[in-house]
Amino acid sequence: MRIHDREFLEPFWVSSELPWEQRHSGNAWIDLYLRMRREERAGVALHLAMSIDGRFAGQVDLERIDRHARTADVGLWMSSEYTRRGIAGGIGDLFLDFVFGELCLERLSAAICIDNAPARHLAEYVGFEYEGTMADYLDVGGRRRDHDLWAVTASMWRADRAAHTDDPQSRRFAT
């Protein structure tokens, strides 16, 4: 899936000396899966698969989980087969319910490359707020790029839920 969607993903994917196909081969996936399992066991990350009609559709990652501060960073990628259909927004809403409800985190942040308009739109749609731009934050797509910092807090999420109790569909953070 990532090999097929290279043109959409690579400009925003962490740079590497390895060719795209090698980084996303079956062997690379096994290595990545084992690393993700170690992170999950250590409690510093949670990697979730997105499934649509029983088919793998992408991934949502919580990283740099700080249980003491109750914060984490989020990243998401989705197959182009499912984009521009409102699916990512629904997944984002469910994910926020999980993060702030089940995991009891207080803040979720996302660093989004300034050129990644779809990711920025999704962040805004599910209620993240722009906090600032980080110069040369991360090397993606073969060069260092500025990234915008977006965040949403549990108090923002709770306030939205309380303000729309009569009409859950009107909530900014729908479930």
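The values are calculated or read from the model by the stated rules, or taken from the named source; none is laboratory data. Everything numeric here is computed off the predicted structure, so don't read it as measured data. Glycine gets a Cβ as well: all are built from the backbone with ideal geometry, and neighbour counts include every protein chain shown. Accessible surface is based on the protein model in full, side chains and every heavy atom, while ligands, DNA and RNA are left aside. Shrake-Rupley method; radii C 1.70, N 1.55, O 1.52, S 1.80 Å.
A few notes on this one:
- Near pairs, Cβ below 6 angstrom, 6+ apart or cross-chain, from the stretch 62-77 (within 23 Å of Pro11 (Cβ to Cβ)) to any residue that is open to solvent by 60 Å² or more (accessible area, probe 1.4 Å): Asp73/Arg64
- From the options Asp97, Asp139, Asp148, Asp115, residue that is of a type in the set (D, E, K, R) and farther than 30 Å from Glu17 by Cα: Asp97
- Among residues of the stretch 64-77, those that are under 19 Å from Gly127 (Cα atoms) and under 13 Å from the mean Cα position of the chain (by Cα), counted: 6
- Test for Glu81: is it within 15 Å of the chain's Cα centre (by Cα) and either closer than 24 Å to Thr133 by Cα or surrounded by fewer than 16 Cβ atoms within 10 Å (Cβ to Cβ) (or both): no
- Residue selected from the stretch 84-94 under the condition over 14 Å from the mean Cα position of the chain (by Cα) and charged (D, E, K, R), by the criterion surrounded by the fewest Cβ atoms within 10 Å (Cβ to Cβ): Arg84
- Within the stretch 14-29, tally of residues that are loosely packed, with under 14 Cβ neighbours inside 10 Å, within 21 Å of the chain's Cα centre (by Cα) and either of a type in the set (Phe, Trp, Tyr) or in a helix (DSSP H, G or I) (or both): 1
- Restricting the stretch 111-120 to residues that are out of contact with any helix residue (DSSP H, G or I) (no Cβ under 6 Å at 6 or more places or on another chain) and in contact (Cβ under 8 Å) with a residue 40 or more places away in the chain, the residue that is most open to solvent (accessible area, probe 1.4 Å): Asp115
- Test: residue in the stretch 3-13 that is open to solvent by 40 Å² or more (accessible area, probe 1.4 Å), in a strand (DSSP E or B), in contact (Cβ under 8 Å) with a residue 40 or more places away in the chain and not charged (D, E, K, R): no
- Boolean, Ile52 is surrounded by 15 or more Cβ atoms within 10 Å (Cβ to Cβ), in contact with a strand residue (DSSP E or B) (Cβ under 6 Å, 6 or more places away or on another chain) and of a type in the set (A, V, I, L, M, F, W, C): no
- Arg145 vs. criteria touching a helix residue (DSSP H, G or I) at 6+ places or on another chain (Cβ under 9 Å), farther than 23 Å from Trp13 by Cα, touching a residue at least 12 places away in the same chain (Cβ under 8 Å) and open to solvent by 20 Å² or more (accessible area, probe 1.4 Å): no
- Count of the stretch 121-137 residues which are open to solvent by 30 Å² or more (accessible area, probe 1.4 Å) and at pLDDT 95 or above: 8
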